[in-house]
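The values are calculated or read from the model by the stated rules, or taken from the named source; none is laboratory data. Source: prediction; values computed, not measured. Here the Cβ positions follow ideal geometry from the backbone for every residue, glycine too, while neighbour counts run over all protein chains shown. All accessible areas refer to the heavy atoms of the entire protein, side chains included, with ligands and DNA or RNA removed. Shrake-Rupley method; radii C 1.70, N 1.55, O 1.52, S 1.80 Å.
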Amino acid sequence: MSVMDDELKIFEAEGAPPLPTAASAGLIEHEGASIWYATYGNGPAVILLHGGLGNSGNWGYQVPALIESGRQVVVIDSRGHGRSTRDTQPYEYALMATDVLAIMDHLELAKAALVGWSDGACTALILADQHPDRVSGVFFFACNMDPSGTKEFVATPVIDRCFSRHSKDYRALSATPDQFDAFVQDVSRMMATEPNYTASDLARIKVPVAVVLGERDEFIKPEHADYLARNIPDAELILLPDVSHFAPLQRPEHFNREVLGFLDRLG
């Protein structure tokens, strides 16, 4: 059955579908935090990195499709998000990129493709820049690489519904369930000031990249996606019709088709 949740009413009420039973799951200690991960399926590795304020459960529509395609899927709760903890260090995308690398080392993954959504895409591209030998490609969805790429924030019912679900999930999953407001402030501070990649920084990225944006994205300027695709060598630009910043939840079949097409092109 085709899923359509453009207004995120299903997501607010129920969340994404539950993740399947994991092949392995656990926490690793890294840089003052306990980072949660889970793995599913077998085959070439693909790591899913969720957006800011969310958690791995937001990939409930994607994990089964990737397993079915014959891939090993790894999901990670970013530090301070979901089941992962944090210490007093400020949130930084570069720090979260080292968390992903630590999970890869723990799982003995020499190389993986990365699918990043919003903050997760920032983390993915930084990891690809700093450790290109470990990354086979980046599906870079709904993200900026410098603060000028974001639109002025305007609250909408869709954003409010997503925020409501994130709040419920945080309180259900976090080791610090009463600290949601401080968590939002700290993550928002990172979003407002990072990352700060220049055109010359983007030009040194050597892994395959798809720059992907919903045509109704609430946060990212479309001209910024164009800029990224022009400045990252050989990057492709994919525009998703009829969806916004929340395409993996709004039209998962369409989103999954683009992800699988990109992964297939990596070989």
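Structural remarks
- Taken over region 99-118, residues that are open to solvent by 10 Å² or more (accessible area, probe 1.4 Å), of a type outside the set (Gly, Ala, Ser) and within 24 Å of Val187 (Cβ to Cβ) amount to 2.
- Taken together, Asp217, Asp234 contain a single residue that is open to solvent by less than 40 Å² (accessible area, probe 1.4 Å) and over 13 Å from Met145 (Cα atoms), which is Asp217.
- Every condition in (1) assigned to a helix (DSSP H, G or I); (2) within 12 Å of the chain's Cα centre (by Cα); (3) in contact (Cβ under 8 Å) with a residue 60 or more places away in the chain; (4) buried (at least 24 other Cβ atoms within 10 Å of the Cβ) holds for Gly57 except the one numbered (4).
- Only residues that are over 29 Å from Glu108 (Cβ atoms), of a type in the set (Val, Ile, Thr) and outside any loop (DSSP other than H, G, I, E, B) were counted in region 1-29, giving 1.
- Residue match in region 82-98 (condition: open to solvent by less than 40 Å² (accessible area, probe 1.4 Å) and without any contact (Cβ under 8 Å) to a residue 24 or more places away in the chain): no
- Pair list, Cβ < 7 Å and 6+ apart or interchain, from region 178-197 residues that are open to solvent by less than 80 Å² (accessible area, probe 1.4 Å) to residues that are of a type in the set (A, V, I, L, M, F, W, C): Val184/Leu53; Val187/Leu53; Pro195/Cys122; Pro195/Ile126; Pro195/Met145; Tyr197/Met145
- Helices (runs of 4 or more DSSP H) lying entirely in region 218-267 (those with 2 or more residues that are charged (D, E, K, R) and modelled with pLDDT of 95 or more): 222-231, 252-266
- Options Ser148, Ser136, Ser69: the member that is closer than 19 Å to Met191 by Cβ, in contact (Cβ under 8 Å) with a residue 12 or more places away in the chain, surrounded by fewer than 24 Cβ atoms within 10 Å (Cβ to Cβ) and not hydrophobic (A, V, I, L, M, F, W, C): Ser148
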